[in-house]
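Structure first, then comments.
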Amino acid sequence: MTSFDPSAAATPGSGVFGLPFSAEESRIHLLPVPFDATTSYGGGAASGPEAIREASRQVDLFDHQFGQVYETGIFMEPPDSEMEAASRAARALASPIIEKGGADAESVDDQRAVAEVNAACEKMNERVHDWTRGVLEAGRVPGLVGGDHSTPFGAIHACGEIAAARGVELGVLQIDAHMDLREAYEGFTWSHASIMWNVLERIPTVSRLVQIGIRDYCEDETGYARGQRGRISTQHDFDWWRWMDGGATFRSLCERTIDELPALVYVSLDIDGLSPDLCPGTGTPVPGGLTFNQAAALLECLHASGRRIVGFDLNEVCPREGDGEWNANVGARMLYKLCGVARPK
Ligand SMILES: [Mn+2]
């Protein structure tokens, strides 16, 4: 560690972002969660974590917005091949059901497959929860690298428990093209499309969910959001475009929206919240979305607001054959920004 030069190229055998730090030396801990059992459109998020780890070695360590982020120490847990195998097995059961548009309530085979997939998801939730809880209890900041958007439930749950123990509210800032407020999707309780429904229904300490980048959702989801009576603030991508077209600055929209969050915040960043040219491989790409600079500026505003980031995740980054590492490259750079905003002061 004494010979570490932050301006040099990553050396072989170094950790995430080419850093030399052990877990003990790091205040930010990252967990790879190679799991995407219920991705409906295109799979591949399970290979996100290792592709991001690889691409992270190309990220320059001095960040224009957040400075010497690496100084806080960033450590990523080793690859989790067991979870990847569990994801593959669950996906094999889920795929035929997803292909035909959902489970048949009358079919014993379908119901058995759904139960098995749900059980695999619950096991993943438990692993993520226990790891996150341990990291929080050690006074470090947990960050998840998914995986699809079902993966952070256990992390938000653990952050909710810590907030409850301190008697404070937890806010969730979600950057996403989708609301993810379906009660279940295609029969699966823990679907990527249900993450925020599960968070709001099962984690009462979450007093506020703020969603930014939203541009693809169903009527049931808007009905559910309305029924939550102000607990959810949905910021539609097109509305932001319209307001900026009318002269509002992007920064003013960020500030106004971040103002709706309590002092303690969990950040959940679905890469499809960004413009699809930045994440062409992702499972459910949608036109529109934030530019890279807008996403970075949003995180800067969050940082400047003085709110504390208790934990975060980056999900739905899907590397594709022949993409020149582009999907993972953007993912790794976004991950470094997240580390910058979550860096303990
Ligand atoms: Mn999502």
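Each reported figure results from applying straightforward, stated rules to the coordinates on display, with no laboratory input. In this text, all values refer to a predicted model and were calculated from it rather than measured experimentally. For neighbour counting, all protein chains shown are included, and Cβ atoms are generated from backbone atoms with ideal geometry for every residue, glycine included.
Need one word for the stretch 183-293: rounded, prolate or oblate. Basis is the Cα gyration tensor (sqrt eigenvalues a ≥ b ≥ c); a/c below 1.5 gives rounded, then a/b vs b/c decides. Note, shape of the stretch 183-293 comes out oblate.
How far is the Cα center of the stretch 224-242 from the Cα center of the stretch 264-297, in Å? Using only Cα atoms, the two centres lie 17 Å from each other. Of all lysines in the structure, those lying under 20 Å Cα to Cα from Lys345, and not within fewer than 8 positions of it along the same chain, are Lys337.
Modelled this way, with points 7 Å down the Cα-to-C-beta line, the labels at Ser7 and Thr291 are 3.0 nm from one another. Taking 4.7 Å between C-beta atoms as the pairing limit, the chain has these partnerless cysteines: Cys121, Cys159, Cys218, Cys279, Cys318, Cys339. Label sites at Lys123 and Ala304, each approximated as a point 7 angstrom past Cα along Cα to Cβ, lie 4.7 nm apart. Would the stretch 27-342 count as rounded, prolate or oblate if I go by the C-alpha gyration tensor, calling it rounded below 1.5 in a/c and otherwise prolate when a/b exceeds b/c, oblate otherwise? It is rounded, given that a/c, with a ≥ b ≥ c, falls under 1.5.
Below 8 Å, C-alpha to C-alpha, sequence gap of six or more: please give me the relative contact order for the chain in percent. Taking the mean separation of contacting Cα pairs over the length of the chain, I get 21 percent.
Here the extension length gained between Asp220 and Val108 equals 37.6 nm, from 0.36 nm per residue of separation less the Cα-Cα distance.
Per-residue ellipticity at 222 nm from helix content only, as computed over the chain with -39500 (n - 2.57) for each DSSP H run of at least four residues, stands at -12500 deg cm²/dmol. Other residues lying with their Cβ under 10 Å from the Cβ of Leu31 contribute a combined charge of -2, Lys and Arg counting +1, Asp and Glu -1. Between Ser14 and Ala165, the FRET efficiency from the beta-carbon distance, with R0 = 35 Å, is close to 0.45. Each of Ala85, Gln58, Ala342 was placed along the dipole of the chain (beta-carbon charges, centred on the mean Cα), and the one lying farthest toward the positive end is Ala342.
Placing pseudo-labels 7 Å out from each Cα toward the beta carbon at Ala263 and Glu321 gives an inter-label distance of 5.3 nm. Dipole orientation for the chain: of the candidates Phe35, Val128, Gln68, Gln68 has the Cα lying most toward the positive pole (charges on Cβ; Lys, Arg +1; Asp, Glu -1). Placing unit charges on the Cβ atoms only, positive for Lys and Arg and negative for Asp and Glu, gives the chain a dipole magnitude near 1120 debye about its Cα centre.
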